[in-house]
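Nothing in this text is a laboratory measurement; each read-out follows from the coordinates by a stated rule. Since this is a predicted model, take the numbers as computed values, not measurements. Cβ sites come from the backbone with ideal geometry, for glycine too, and all protein chains shown count toward neighbours.
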Amino acid sequence: MVSTPEASTLPRGPGERRHVLFPASELPPGARRIVEVGRRSIGVFNVHGRFHALHNGCPHKGGPLCEGRVCGTTLPTDAYTFDYGREGELIRCAWHGWEFEIATGQALADPQVRARTYPVSVVDGQLVLTL
Amino acid sequence: MFDCDVHNTWGTVEELRPYIAPAFREWFDRGEVPGTRPAFPAAHRAWLHPEDFKRADAVPPGGGNAGSDYELMCEQLLDRHQVDYAVLTGDEPIEVSTLANPYYAQALASAYNDYLVDVWLPRDRRLRGSLVVAPQDPQGAAAEIRRLGDHPGIVQALVSSGAQRPYGDPFYHPIWDACAEVGLPFAVHLGGNAGINGGPTGCGPPTFFWETHALLCETGMGHLASTIAHGVFEKWPSSRLVLIECGIAWVPALLWRLDEDYRALRKETPWLRRLPSEYAHDHVRLTTQPLEQPRDRESLWPALADIGARDMLLFASDYPHWDFESPATLQLPVDWRSAVLDTNARELYRIPSGEEPTQAKEALVDGQHA
């Protein structure tokens, strides 16, 4: 776990809550931080300047998805070639290594599998998570 | 009804002599063979069946090898069980894969293929042939597939499951390429566990024949995994792998394992687009014999149903071998019967329905129905 900041909460629409996390400037491109919001563990990522949040529980077997390696991978190919790409766009679950696209939660190897994502935005310089 | 594994052979291997290429006839006439002449020149496996591996009642009354007497084959199998089509898989020819000399191996395979087309296929319209190739000579095997693969009686290329390396390996891709070009499935039959080929298991040689025979599914596992992992079914979308006599009960477990490991380590094989089990469902076919026998027979099917095996299984009797499966006593789920006994093979081998031979013994002549 990278850190566990106190998340202040603000009321929003019915059933939704906005959680102010920490200043966006504390999460530069390529960085990731795990936050605890209520009873949930959530990974917040800065991928090439855009912020994303993923549930820190892998849809495969519940492992700490967001504590694995932020990485790239071999790109789809029609030949026996290995083209590395997407550096920094993927998270590899800490337990079994399944690859997920950070922005969408989509598992690369199986279209049926997707990790839960949360909307995250920057309000007055603060990262705000909507649950 | 299709029987997808029927073993035909010669009365004596001397019947092959006219078909041996001139350059190799001296090898055939004077070269070493296992045991005493006449014998087929191939390395013999180290596991000897203590009762020989043929049905005792299939030895022709006049002598000779079980599977060499066409009339007896009709009586015991084709007529008795109303077989519409029998896919002949030869007997010893797939053992050419054990020979170190790939050129002699392919010459022997080619001789068998000419013998098959010349002697067996004209006998009966129910008979379809498997083109035997020497996988240790991928270029020669590919040339053989292009030479004879478009014969209307030939339905697949055939190799042994004993191999130097698993069949998805790019070493063998000339064979896959030729199969795709000619439109033939690539079939792998139990056997060839001798000579230059790897052993039947990865932990050293087993001891007894029955022990080894039960373990021979392991080579089928290796070929199945390799063919999927190397992207054969992406590279040649029309290609089909047929595993003959390698068992079926292990297939769901292996596909589940392959799916799970692929999901984690997709990056090793970025040419794949789908889960291993999805490729298997669409591209891999498995013969049923010897059908595994759980204590409760019904418990065989749920796992197979999970991978969609109704679309993947082909009935086979393995006549005239010792582990023969009788179509009369075969137990299949009722709603699987027509697929496993007929339509899966019909689709695989591209034999339209309604073309059953009305006169069974009316032969294919010059490639046309007489």
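Dividing the Cα radius of gyration of the stretch A:24-86 by 2.2 N^0.38 Å, with N the residue count, gives 1.37. Quick one: divide the alpha-carbon radius of gyration of the stretch B:201-357 by 2.2 N^0.38 Å and tell me what you get. Relative to the rule-of-thumb radius for its length, the stretch B:201-357 sits at 1.09. Ranked by how many other Cβ atoms sit within 10 Å of their own Cβ, fewest first, the residues B:Leu314, B:Leu254 fall in the order B:Leu254, B:Leu314. Principal axis extents of the C-alpha atoms in the protein assembly as shown (largest first, rounded to whole Å): 96, 48, 46.
The label-point distance for B:His49 and B:Arg165, in a model that sets each label 7 Å from Cα toward Cβ, rounds to 3.2 nm. Counting Cβ atoms of other protein chains within 10 Å of each residue's Cβ and taking the mean over peptide A:106-116 gives 3.
Averaging 1/r across all pairs of distinct Cα atoms in the stretch B:71-132 and inverting the result yields a Kirkwood radius of 12.7 Å. Just round it to a whole percent: the fraction of Cα-Cα distances in the stretch B:130-279 exceeding 26 Å. Summing the P(r) tail past 26 Å for the stretch B:130-279 gives 26 percent. Spacing of the modelled spin labels on A:Leu75 and B:Ala21, each 7 Å from Cα toward Cβ, amounts to 4.5 nm. With the convex hull drawn over the C-alpha atoms of chain B, the volume per residue is 139 Å³.
Taking only the alpha carbons of chain A, we obtain Rg and Dmax values of 15.2, 53 Å in that order.
Extension gain for B:Arg297-B:His81 works out to 75.5 nm (0.36 nm per residue, less the C-alpha to C-alpha distance). Protection proxy ranking for B:255-268, B:52-65, using the average of other Cβ atoms within 10 Å per residue and placing the highest first: B:255-268, B:52-65.
Note: the stretch B:1-150, Cα convex hull, 125 Å³ per residue.
Taking the square roots of five times each eigenvalue of the Cα gyration tensor of the stretch A:59-131, the equivalent ellipsoid has semi-axes of 25, 16, 11 Å, listed largest first.
In the calculated pair-distance distribution of the stretch B:71-206, the portion above 23 angstrom amounts to 33 percent of the Cα-Cα pairs. Across peptide B:266-276, the mean count of Cβ atoms from other chains lying within 10 Å of each residue's own Cβ comes to 6. Using 0.36 nm per residue and subtracting the Cα-Cα separation, the extra length available between B:Gln139 and B:Arg337 on full extension is 67.4 nm.
When you filter the trypsin sites (Lys or Arg not before Pro) in the stretch A:57-131 for DSSP loop state and at most 13 other Cβ atoms inside 10 Å of their Cβ, you are left with A:Lys61.
Averaged over the residues of A:74-80, the number of partner chain Cβ atoms lying within 10 Å of the residue Cβ comes to 5. Estimated from the Cβ-Cβ distance and a Förster radius of 35 angstrom, the FRET efficiency linking B:Thr12 and B:Glu347 is about 0.40. Given +1 at the Cβ of Lys and Arg, -1 at the Cβ of Asp and Glu and no other charges, the dipole of chain B around its Cα centre is 740 debye to the nearest 20. Between A:Val122 and B:Ser326, the modelled labels are 7.9 nm apart [label points 7 Å from Cα along Cα→Cβ]. The charge dipole of chain A, taken about the Cα centre with unit charges on the Cβ atoms of Lys, Arg (+1) and Asp, Glu (-1), comes to about 440 debye, rounded to the nearest 20. Annotation: the residues A:Ile102, B:Ile351, sorted from fewest to most other C-beta atoms within 10 Å of their own C-beta, follow the order B:Ile351, A:Ile102.
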